[in-house]
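Let me begin by presenting the structure, written as structure tokens, before commenting on it.
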Amino acid sequence: MRATPEPDRACALCPRLASFRADNRAAWPDWHNAPVPSFGRADARLLIVGLAPGLKGANRTGRPFTGDYAGDLLYQTLLDFGLAEGSYAARADDGLALKDARITNAVRCVPPENKPTGGEIAACRPFLAALLDDMPRLQAIIALGRIAHDTTIAALGARPAWHPFAHGSAHAVGRVTVFDSYHCSRYNTNTGRLTPQMFRAVFAAVRAHLDRADAAVA
Ligand code: URA
């Protein structure tokens, strides 16, 4: 059966994640504690693919990257490049709106220790593939980290071995270009593996790509 773009709240494909979800519901009944749906409209030209919701961030608020450390840099960068409007206040009801962009995660449920298994990444991939199919104007994808990159390439029907992840690289796969960035995680930014300037350079390349496409149809 073809997957839908968003898993059911009670999705049971990954027993470990379903059991972690049940524990979290018992511990924090007011939190979202369910697969975190994608944020943004299906007619966007840009899709950003993260890893998985953070326990006390997206898993709590119900919006990707919202309330997670990584969200501070991601949402500020989206605002700076005209891909979001309003202001980001780390809450799902902060009124922030994405412009021509959508955000999702490789794995929709929070994994223990922030580490999904290979089986969980594969089990969630049909939802990503369905989401890609559901975006008729899609032109660019930003993959945050190697896991997001590999599962995105596979969801597009290509082989990750032919498109190895490298920060700052761009891969043409069918109708879309996949832009790679190191994940904007606390670890990567604190260690200097990813600086805000490096992250902005990826967004500048994506912005130029979308603007070139605009110019071509003008
Ligand atoms: N929050 C998300 O929603 N995704 C990530 O990859 C990290 C934090």
Requested in this report: Go through the stretch 150-156 residue by residue and turn each phi into a ³J(HN,Hα) via Karplus (6.51, -1.76, 1.60, θ = phi - 60°); whole Hz please, and just put x for glycine and proline.
Outcome: 4, 6, 5, 4, 5, 5, 7
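Can you compute the helix-only [θ] at 222 nm over the chain? Use -39500 (n - 2.57) per DSSP H run of at least 4 residues, normalise by all residues, nearest 500 deg cm²/dmol.
My calculation for the chain gives -12000 deg cm²/dmol from helical runs alone.
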Query raised in the report: At q = 0.08, 0.10, 0.13 Å⁻¹, what is the log10 ratio I(q)/I(0) for the chain, with the Debye formula run over Cα points and no solvent?
Result: -0.25, -0.40, -0.69
Query - Where only C-alpha atoms are counted, convex hull volume of the stretch 126-218 per residue in Å³ - result: 98
Query raised in the report: Roughly how tilted is helix 15-27, in degrees to the nearest 10 and between 0 and 90, from the longest Cα axis of the chain?
Result: 70
Report summary line: Ranked output for segments 60-71, 82-93 by mean other Cβ atoms within 10 Å, highest leading, reads 60-71, 82-93
Query raised in the report: In sequence order, what are the phi-derived ³J(HN,Hα) couplings for the stretch 204-210 according to the Karplus relation 6.51 cos²θ - 1.76 cosθ + 1.60 with θ = phi - 60°, rounded to whole Hz, with x for glycine and proline?
Result: 5, 5, 5, 4, 5, 4, 5
Query raised in the report: Out of Phe199, Phe81, Phe165, any idea which swings most in a Gaussian network model of the chain, alpha carbons joined below 10 Å?
Result: Phe81
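Based on DSSP, what percent of beta bridges with both residues in the stretch 15-217 are antiparallel, to the nearest 5?
Working: 8 of 22 bridges.
The answer is about 35 percent antiparallel.
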Report summary line: Taking Cα atoms only, helix 118-133 is inclined relative to the longest principal axis of the chain by an angle, in degrees rounded to 10, of 50
Query - Amide H partners (placed H, <5 Å) of Ile142, local residues excluded - result: Leu47, Ile48, Val49, Phe179
Query raised in the report: From the phi of every residue in the stretch 45-54, what ³J(HN,Hα) in whole Hz does the Karplus formula 6.51 cos²θ - 1.76 cosθ + 1.60 yield, where θ is phi - 60° and glycine or proline is x?
Result: 8, 10, 10, 10, 10, x, 8, 6, x, x
Query raised in the report: Using Cα atoms only, what is the angle between the long axis of helix 69-80 and the major principal axis of the chain, expressed in degrees (0 to 90) to the nearest 10?
Result: 30
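Only the coordinates and a few stated rules stand behind these numbers; no lab work does. Just so you know, these numbers come straight off a predicted model, no measurement behind them. Please note: Cβ atoms are built from the backbone with ideal geometry, for glycine as well, and neighbour counts cover all protein chains shown.
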